[in-house]
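Q: Please read through the structure below; I'll follow up with questions.
The values are calculated or read from the model by the stated rules, or taken from the named source; none is laboratory data. Keep in mind it's a predicted model, so treat the numbers as computed, not measured. Glycine also receives a Cβ, built like all others from the backbone with ideal geometry; neighbour counts cover every protein chain displayed. The area values use the complete protein model at the heavy-atom level, side chains included, leaving out ligands, DNA and RNA. Shrake-Rupley method; radii C 1.70, N 1.55, O 1.52, S 1.80 Å.
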Amino acid sequence: MARACARLTYLYNRWCKSFTDQLLEQKERIEFANQQFPLVLITSLGSKITKCSHYLSKIFKMLNTPHALLLVCLVGATDAFYKQWIPDTNYENKTNWDKGDVPCGSDRVQFSAQRKVSVFVETTHAVQEMQLPVDGELILNSGAGFYVVSGQDPSCGAGVRTKFKDSDSLQWFDPALWQAAATLNDLQQGNFLFSVHEESVPCQHDDVVFKALSSFRVDTHSSQSTIPVKSVSVLGETFDSRSEFSQYLSSRSGQLQFHGPSAVTVGNPSCGDPTGCDCGNSVNHQRICGSVTCASVSCKVPLLPMGHCCHVCGAIITISYAGGFNLQNYRGRIQSLFLTQPQYESIQLGMSKVLKPQRVLGVIPFGTSPEIQVVIVDGETGDLSEALAQDIIKDVQSHGSKLGITKAELQASTGNTSTPQSNAGMVVGVVFAVLLMIALVVILAVLIRKGMVQMPPMPSMPSLSFFRRNPNVGDHNGAAHRGFDNPMFDQPDALSDIPGLYESDSNTIALTRTGVYFINPVYDENESNFSV
C-alpha cells in the first residue's frame, strides 16, 4: 500500500507540474505607465489553468484503485484541511460593484484612484469609459479584454456610473471569509466542514486555496509577525516552498493581493501525530472574535466550546485518549455510523484536538492537557444534538477501549451531563490534590525544624496596655492633660477679683492644673442623713 501511495503521489506531482509549466509558458505581462505608476495587465493567463485535483479521479480509474485508497494517501495520519478564501476581486462578480450589477456597454466604470487593487477579468466587456487606479492591476483571462462603445448600448439602457468596491477591510482572521473541506474534491463540490471559529481560519498545518480563476486582496494583520501554513495556492499555482512564495509576495501581484504587517509563510510540515495537532490560532483568539457577531440563543444552558467566540445550543463531548487513538479514523467512524442517518442530516459536527488549561485545585495554572473536542449543533434548542451525543457516548462505552478512548464527558444545552468512565479519574484527582497539600505542609515543617527555612517575623501587634484606661484618669492632682488650655481657668489669679468665687471655708470650687471641678455639698456633708 505504501508503494501505491508513493506511485500516486509521483503521478499527481507530475500531472500538476506539466500544467503549471504550460501556465507559466502562456503567461505574458504587458506594463504601461498610468500617471507615473505602472498598471500591470496579464493579457494571457492560459486556458489550461492547473486544477490537478480534477484529474485525480482519472488517475484512479486508470489504476483501478478504490477511492478509499485516495483518502488514505492524501489524508493519512495528518489532521489538516483545505481552507478556501471566499471573497474575490473579480470583475464579473456583481457584489464587487456599488450598483449591484456588472457594468455594461452604457456604463462608466470607476476604480478608486488611491486604492490598490488586483482585479481578475474572465471575459470581454464593453464600457463607455473606465477610470483606472493609480496603483493596481487587471489580470485578463485568455480572450478577455475591454472595448469602448460609441453611443449607448441598446441592451444596457441609459447607463450609470458604477464604482468598484473597496476590499482593503477584508481580514485574514475573519472566520466568515473561509470555507473548509477535507479534500480538494470536497472543496470544489461544496462539501464544507463545520468547525469552531479559531479553526475556521487556516491553521498552521492547513493548505490555503485562493480560487484559480480569481484575484483577491486580504489584510494579514496578526498578533505575530508571521502566519504559518502548509501551502498556498494562487491563480492555480501551489506554493509550498518558503523561498518561492516569498518571491511571489514581493512581486507586483503579491503586493497587491496580500497587504499588512504580518507575512504569510508556507512550508510548515504536515501534522504527523495520529491523535491530531493543535490549530495554533489561539494567540489570535481576540482578533478572530473581533470579526464575529454572535446571535442570541434560546436554550436552557448555552455552551461555549474552546476556540469558539459565541455560545451555542447543542452538545460538547470531551474525549481523553490513549496512544492508540487515531483522530482521522474516529472522525470517519462518526461520519459513517451517525451522520449518514436521516435524523441527523441537519447536524453540524466539528471534531479537533484542543489544549485544555489545567489548574491545581481549580485555581493554580498547571500546564495544558490535550483532548479531543466534539462540538455538535443543530441550529435549534440542542435537543437533536444531545440525542446524537448520547449515541456517541454509548458507542464509546461499548468500543472506547478498542478505539483508544479512555474517557468521554458530555455537556448538553438541556442541562444534562454525563461522565462515563470519569468518576474514578475525578476521585484520583481529588486524592492527589489532598496528598500534595499534606506533603507540602510536612516538608515545610521539617525544614523549619532543622533550621533550613526560617519563618518570616510576624508584624508586631499594638500592646493591650494601649487600650487600658489610663490610671491617672480621675486623679484630680495628677499631671494628665485633659484638653486644651483655658487661660481663664488655668491661672488662679485671673479670677481672683470675682467676689464669692472662692470660699475658703466651703471650697465649693477648686482649680487644678487639669481643669475645674465643683463639690456638691449635698452629697459630701452629713452623708448619714441619706442612710436608710
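Q: Of everything in segment 140-155, what is assigned to a loop (DSSP other than H, G, I, E, B) and surrounded by fewer than 18 Cβ atoms within 10 Å (Cβ to Cβ)? Give them in sequence order.
A: 142, 143, 149, 150, 151, 152, 153, 154, 155
Q: Hey, among the residues in segment 97-124 that are in contact with a Ser or Thr (Cβ under 8 Å, 6 or more places away or on another chain) and open to solvent by 20 Å² or more (accessible area, probe 1.4 Å), which one's farthest from residue 149 (Cα to Cα)?
A: Ranking the qualifying residues of segment 97-124, first place goes to 98.
Q: Tell me, yes or no, whether segment 321-344 has at least one residue that is crowded, with 16+ Cβ neighbours inside 10 Å, within 19 Å of residue 182 (Cα to Cα), in contact with a strand residue (DSSP E or B) (Cβ under 7 Å, 6 or more places away or on another chain) and polar (S, T, N, Q).
A: No; the residues of segment 321-344 include none that is crowded, with 16+ Cβ neighbours inside 10 Å, within 19 Å of residue 182 (Cα to Cα), in contact with a strand residue (DSSP E or B) (Cβ under 7 Å, 6 or more places away or on another chain) and polar (S, T, N, Q).
Q: Assigned to a loop (DSSP other than H, G, I, E, B), touching a helix residue (DSSP H, G or I) at 6+ places or on another chain (Cβ under 9 Å) and under 20 Å from residue 352 (Cα atoms): is that true of residue 187 in this structure?
A: No: the conditions fail for residue 187.
Q: Restricting the search to segment 168-184, which residues are touching an Asp or Glu at 6+ places or on another chain (Cβ under 9 Å), of a type in the set (Gly, Ala, Ser), open to solvent by less than 40 Å² (accessible area, probe 1.4 Å) and over 14 Å from residue 202 (Cβ atoms)?
A: Within segment 168-184, none qualify.
Q: If you go through segment 156-167, how many residues are open to solvent by less than 60 Å² (accessible area, probe 1.4 Å) and part of a loop (DSSP other than H, G, I, E, B)?
A: 4
Q: Could you grab me the full set of residues in segment 403-425 that are open to solvent by 30 Å² or more (accessible area, probe 1.4 Å), more than 29 Å from the chain's Cα centre (by Cα) and at pLDDT below 95?
A: 421, 423, 424, 425
Listed here are the residues, each with its yes/no results for (1) in a helix (DSSP H, G or I); (2) more than 28 Å from residue 201 (Cβ to Cβ).
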site	(1), (2)
331	yes, no
343	yes, yes
358	no, no
384	yes, no
389	yes, no
393	yes, yes
401	yes, yes
414	no, yes
